[in-house]
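Working notes, beginning with the structure itself.
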Amino acid sequence: MPHPIRDCLSVVGATAVLAWSCGSSGIAAAETSAAAPADVLSSEWQHRKLTFAYQGFTTLYTCDGLADHVRQILLYLGARKDLKVIATGCPGPFNSPSRSAFVNVDFYALVRGAAAPSAGSPVAETLKAHWVPIELTPQRPNFMSGGDCELIQGMKDFITKNFTLRAVEYRTSCFPNQATLNGFSVKGEALRVLPSAAPG
């Protein structure tokens, strides 16, 4: 029985090929070298809840496979570990590969500073954070592949507007029915909680 994370289908030309590389166990950690005191920033978790649509021609995901893959990407970018991702709208028999789906995401992302709470709102916990290099390409982290180009292209606004990033270079060059080794590249730095300040 196939693993749900790996339930995707890449269509290259007229040939259907199972793309087992669209999911793999584990989350590749970005470099977490100790930050110098001057690089330590005050931050807090901020709630995000939204939906985005996936439309692909090269890679077909099952709803479960798409949700698991988006979860891996968000964790890599710094989402809090209690995030929830659900994909819906996949047509056909239960959990069959689909060209389109809606992805519902409920998570917390790190933001700089500690905003003054409004009347009656709880005071957010202030955390120590630092900048960490990130890189999303068909080769990195190890759960990404050339078939993810359309997904990364479709997630551009979602990623750049909902995570605290700096010096970001976001490039996609996707072609229908073609999975390439240089179709996308997202590089920059993301705000992450210092290991010593992370809960648990």
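What follows is calculated from the coordinates using simple rules that are stated; it is not laboratory data. All values derive from a computational prediction rather than experimental measurement. Backbone-built Cβ (ideal geometry, glycine too); neighbour counts: all protein chains shown.
If you check Leu50 against the conditions, is it crowded, with 21+ Cβ neighbours inside 10 Å, more than 20 Å from Pro97 (Cα to Cα) and not small (Gly, Ala, Ser)?
Judged against the criteria, Leu50 is not a match.
Restricting attention to region 45-84, report how many residues are touching a His at 6+ places or on another chain (Cβ under 9 Å) and assigned to a strand (DSSP E or B).
Of the residues in region 45-84, 1 are touching a His at 6+ places or on another chain (Cβ under 9 Å) and assigned to a strand (DSSP E or B).
What about Ile134, is it over 17 Å from Gly56 (Cα atoms), within 13 Å of the chain's Cα centre (by Cα) and of a type in the set (Val, Ile, Thr)?
Here the answer is yes, as Ile134 does meet what is asked.
Going through Val132, Val168, Val186 one at a time, which residue ends up being in a strand (DSSP E or B), touching a Phe, Trp or Tyr at 6+ places or on another chain (Cβ under 7 Å) and of a type in the set (Val, Ile, Thr)?
The conditions single out Val186.
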